[in-house]
Amino acid sequence: MIEWFTAAGAVATEKAPVGTMGPSTHAYGGTRMGRNSETNVTDPWGFSHESPNLGILGASVMGTSGAHNPTLTAQALAWRTAEYLAKNWKRIAS
């Protein structure tokens, strides 16, 4: 990667030691999904237990990222919630 960055014009690079992923700026876990409204903020489709027409899209519905970048999982969950909304629009919007 250092060779690639240098070839692309980088004037300085920094190589971290090989090991586990450090702290991440990805926020997740704040509005966890699940069937139990006592322990989870959203249902399994990402809609609020308290306000059923409020969909929460993003990594916050995930309990953990599993030590890897959660971007693709967050995208998949958002797509899943949007598809569920489209199929159940009349019931959710009422």
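Values computed for the structure shown
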{"quantity": "Selection status of Lys90, exposed (fewer than 13 other Cβ atoms within 10 Å of the Cβ) and at pLDDT 90 or above", "calculated": "yes"}
{"quantity": "Residue count, region 32-77 (criterion: surrounded by 14 or more Cβ atoms within 10 Å (Cβ to Cβ), under 30 Å from Gly19 (Cα atoms) and of a type outside the set (Val, Ile, Thr))", "calculated": "9"}
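The values are calculated or read from the model by the stated rules, or taken from the named source; none is laboratory data. These numbers were taken from a predicted model, which means no experiment stands behind them. In this analysis, Cβ positions are derived from the backbone assuming ideal geometry, glycine residues included, and neighbour counts consider all displayed protein chains.
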